[in-house]
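Participant: Quick one: the structure is below, questions incoming.
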Amino acid sequence: MSLHDWILMGWQQIKETDAIQWIAVALGIAEVLLAKANKIALYPVGIAATVLSVYILFVAGLYAECLLNAYYIVMSFYGWWYWYAKSNEPPVPITCSNKKDWAVATAITVVGFIVLVFVLKRYTDSKVPMWDAWVSSTAWAGMWLLSNRKIENWILLNISNLFAIPLLIYKQLPLFAVLTLVLFVVAIFGYKDWRNIIIKNKTIAV
């Protein structure tokens, strides 16, 4: 497929995108920007974006992706609670992952990958079960780290994004591939901002 064909396909997809999809995409971008800015509003915005995404994916018959987004909703509520539910304590600080955090993130990635590959192969007509499972499982682990305010969440989320971009192109979804590329770039700056916050907090503590 030539570049001209990709451009035509992308333009056709843009013309066929309904209002609900545009709202979901806008909320998704807002969520990442709020996470980059270290604002708790990322959680309600993210929940709204994900609820819309679940509806869109269900209508499209992408039931495995619906399950992934349902997980995002649960983890967003958990992160929201973890961040501010303890009203008598200061906000949860941004920190680096320790060995326990990495063990949990690795377990989420490995177990999630195995389970998703099994489900996608056995119960769906997915043409790329392993690729799809890898994108989802690394995103699961990244979301868990984000909920616990660990800077490495940006690394795992961008591993997921990096593999998602060609996957979306393969599925002939260039608009969402471009969106994922934007999120990839935002996540790089998010990592830098969180790193500066950690360095600043260490300096103040000293």
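Participant: So which lysines can K127 reach, going by Cα to Cα under 24 Å and dropping same-chain residues fewer than 8 places off?
Facilitator: Qualifying lysines at Cα under 24 Å: K171.
Participant: Order 140-146, 100-106, 177-183, 78-84 from most to least packed using the mean count of other Cβ atoms within 10 Å.
Facilitator: Going from most to least packed, we get 140-146, 177-183, 78-84, 100-106.
Participant: I want to check the label-to-label distance for L33 and N201. Put each point 7 Å from Cα in the C-beta direction and report it in nm to one decimal.
Facilitator: Going by the 7 Å Cα→Cβ label model, 2.5 nm.
Participant: Follow-up question, since we're still on this one. Reachable lysines from K100, Cα under 19 Å, same-chain residues fewer than 8 places away excluded?
Facilitator: K150
Participant: If packing is taken as the average count of other Cβ atoms within 10 Å, what order do 122-134, 47-59 fall into, highest mean first?
Facilitator: Put in order of decreasing packing, that is 47-59, 122-134.
Read-outs: derived from the displayed coordinates by stated rules, not from any lab. Since the structure is predicted, the reported quantities are computational estimates derived from the model, not experimental observations. Note that each Cβ is placed from the backbone with ideal geometry, even for glycine, and that neighbours are counted across all protein chains shown.
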